[in-house]
Amino acid sequence: MALDDYSGFGSYVYDRETDRVEMLFDSTEPEVMEIQEAMEEDESGRFVTVYADSNLGYDAMVAFIQELPEDEVRSRLERAIHGKGAFRYFRDTVEDAGLLEKWYGFRDGFFDDAVREWCEDHDVPIS
């Protein structure tokens, strides 16, 4: 997903004309060069840059934890998200607690909400 891809391997842009999100690598591929050229010439607002939110995954974990009852599992998850390896420790703790499917469903809904909000903020139709 473009909103949470902060790998640095490329950037994303939404093209209003094609209704597509394009990933732009630093590349000499003709398709990428064509899009980059069109972006430079565009004055109509055809392209919307999609900036990755490096906190989105972490924010999803925090929100998930806050939905849980105050018990030992919640305490373990609160500790898991601090420090190095937070994502791995969180996932391992969720799995050990038998909450992996619940987490994946919550995370997917959280990301869907973030995409909807981004689309609304940038007047991008949701398809």
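If you take just the helices (runs of 4 or more DSSP H) that sit entirely in the stretch 45-127, which of them hold at least 3 residues that are in contact with a Cys (Cβ under 6 Å, 6 or more places away or on another chain) and farther than 30 Å from I35 by Cβ? So the answer is none; nothing clears 3. Looking at F111, F47, F90, just one residue is under 17 Å from the mean Cα position of the chain (by Cα), of a type outside the set (D, E, K, R), modelled with pLDDT of 85 or more and surrounded by 13 or more Cβ atoms within 10 Å (Cβ to Cβ), and that residue is F111. Residues in the stretch 77-119 that are touching a residue at least 40 places away in the same chain (Cβ under 8 Å) and among the aromatic types (F, W, Y): F106, F110, F111, W118. Of D4, D19, D26, all but one fail to be at pLDDT below 95 and touching a helix residue (DSSP H, G or I) at 6+ places or on another chain (Cβ under 6 Å); the exception is D4. Of all residues in the stretch 34-44, count the ones that are of a type in the set (D, E, K, R) and either under 17 Å from Y104 (Cα atoms) or part of a helix (DSSP H, G or I) (or both). Here the count works out to 4.
The values are calculated or read from the model by the stated rules, or taken from the named source; none is laboratory data. What you see is a predicted model, and the numbers here were worked out from it, not measured in a lab. Backbone-built Cβ (ideal geometry, glycine too); neighbour counts: all protein chains shown.
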